[in-house]
1. Could you work out how much longer the chain between A:Ile178 and A:Lys71 gets when fully extended? Use 0.36 nm per residue separation minus the Cα distance between them, nm to one decimal.
2. Taking 7 Å along the Cα-to-C-beta vector as the label spot, tell me the A:Glu408-A:Arg7 distance in nanometres, rounded to one decimal.
3. As an exercise, identify the trypsin sites (Lys or Arg not before Pro) in the stretch A:105-210 lying in DSSP coil whose Cβ has no more than 14 other Cβ atoms within 10 Å.
4. Greater than 24 Å separation of Cα atoms is the criterion. Which listed pairs, A:Lys391/A:Lys418; A:Lys365/A:Lys388; A:Lys94/A:Lys243; A:Lys370/A:Lys395, meet it?
5. Which loop GluC sites (Glu not before Pro) in the stretch A:302-385, with loop taken from DSSP, have no more than 10 other Cβ atoms within 10 angstrom of their Cβ?
6. DSSP loop (so not H, G, I, E, B), at most 13 other Cβ within 10 Å: list which GluC sites (Glu not before Pro) in the stretch A:32-113 pass both filters.
7. How far is it, in nm, from the label point at A:Thr399 to the one at A:Glu294 when both lie 7 Å from their Cα along the line to the Cβ?
8. What net charge is computed for the residues neighbouring A:Ala337, neighbours being all others with C-beta under 9 Å from the C-beta of A:Ala337, Lys and Arg scored +1, Asp and Glu -1?
Amino acid sequence: MKIKRIRGVNDILPGDIEKWQWVEQTAHRTFARYGFSEIRTPIFESTRLFARGIGEATDIVEKEMYTFQDKSGDSVTLRPEGTASVVRSFIENKMYGPGQLSKLYYIGPMFRYERPQAGRFRQFYQIGVEAMGSGQPALDAEAIAMLMEFYRELGLTGLTLQLNTLGSANSRARYREILKEAIREHLPDLCENCKARYERNPLRVLDCKVETCGEIAAHLPAIRDNLDEEDRDHFQQVQDYLKSVGQDFMINDRLVRGLDYYCRTTFEVTAEGLGAQNAVCGGGRYDGLVEEFEGPATPCFGFAMGMERLISVLPQDKTQALEPRPDAFLVLLGEDAGRAGFGLAEQMRRAGLSVSRDFEGGSMKSQMRKANKSNCRYAVIAGEDEIKSGKFQLKNMETSEQGLHTKEALIETIIGGKPV
RNA sequence: GUGGGCGUAGCUCAGCUGGUAGAGCACUGGAUUGUGGCUCCAGUGGUCGCGGGUUCAAAUCCCGUCGCUCACCCCA
């Protein structure tokens, strides 16, 4: 039986990997401009970290975690998301302190046991950002602005930024009770899913896609009518900051994030052409999470984006330019040329050129075909005559012009882009 | 966990109500003794996912199984 890859995981192959590298490099460059540093945490942690951080009653913790016992009997879990690990590391490494701000980001694989579908995998990659140590609305706005700048660098279009606020932890809890109270009389009319949501996460009823639930939800008390003065002010300032830098957005007061730790600002970025899973980024504020893990009260803002989804909406004109292109392809005819070609290739590479060749010693025609397929700018042709004279044919693959050059001269010609 | 669709050449797929497998692309060679892309010609390549059943005969019909895929749930 042939061994195949595990369901829901993917190989990233040449042809695609260039896009991944470009996205990662763009993230490094862009985030650095905003003062963020990369952090790398382990890919697995104590199961308790995720159970407490994400919320015991969430789908992720209840049924989607890759959890197993290691040889000592400890329960460990492959990380299903990044925030809990960063918070753990933040506390463990005492990155906090009066007036201190930690601006961190991570890039790496996450694991959730779900049924795969378009844009959803069991091992998937996230780029996540966590800004820890300030409760100011400018922080929310700056992080979102950075995200949108990142998308601009990637040339993405057709994105929608949706904002909402859940209020502080206190108002969120209070609203939850008000909402449950209001839902109670409609309970028999709700869909089966929503009946279950009623106890576990009543806010989710608000964004149910079932039509009858939607109608009921439209008449339920809205979050925005149950905010504190400070919540309202915070949300308004986030909006004002975004507007001040020309960032468009829409308010979606049904936008409810599933993870327990969110409060105040939440947001999501959706893209066109992704299928049912159309969110490329989600995040928000999590002011209570550090305390939850017995760290000092530290207001934070963060978000995560799925790289697979991001890469599948990259514009074609940008990704085309990423295809690797050798400067030269060596066409070597005969054993003497084969031997000489090895040294020539090395000499050219040490001069900074990217050089390919064929190793199978096929006919000129077949080697030229391979040269053409490699998309090289020049072909260097070496047969008996060239080895004897020490001068090689240099052929420009676009114009088909060619001329005779010594090793040094052909390297210079290629580097300088001079006519052959 | 639930539901729909699909598994035929390396890739994308065709194969009508059962008669024993095909196209395009790719690959190799030739037309062009040492010069690619375009064109033309020829060739290599398949236990039709796997197992069982019906039948004189199964890629085709039936059952099972595995896999892929899309959607629900949920999320990035």
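Values in this text are rule-based calculations from the coordinates and carry no lab data. From a predicted model like this one, the values you see are computed outputs, not experimental measurements. When we count neighbours, we look across all protein chains shown, and the Cβ atoms used for this are built from the backbone with ideal geometry, even at glycine.
1. Details: separation 107, 0.36 × 107 = 38.52 nm, distance 4.75 nm.
Value of the extension gain: 33.8 nm.
2. With each label point 7 Å from Cα toward Cβ, the separation is 6.5 nm.
3. Values: sites: A:Arg112, A:Arg120, A:Arg122, A:Arg152, A:Arg172, A:Arg174, A:Arg176, A:Lys180, A:Arg184, A:Lys195, A:Arg197, A:Arg200, A:Arg204, A:Lys209; in loops: A:Arg112, A:Arg122, A:Lys209.
For trypsin sites (Lys or Arg not before Pro) across the stretch A:105-210 that sit outside H, G, I, E and B with at most 14 neighbouring Cβ atoms in 10 Å, the list reads A:Lys209.
4. Table pairs above 24 Å Cα-Cα are A:Lys94/A:Lys243.
5. A:Glu360
6. Working: sites: A:Glu38, A:Glu45, A:Glu56, A:Glu62, A:Glu64, A:Glu81, A:Glu92; in loops: A:Glu56, A:Glu64, A:Glu81.
When the GluC sites (Glu not before Pro) of the stretch A:32-113 are filtered for loop state and at most 13 Cβ neighbours within 10 Å, A:Glu56 remain.
7. For the pair A:Thr399/A:Glu294, the computed spacing is 7.3 nm.
8. Once all neighbours under 9 Å are counted, the net charge is -3.
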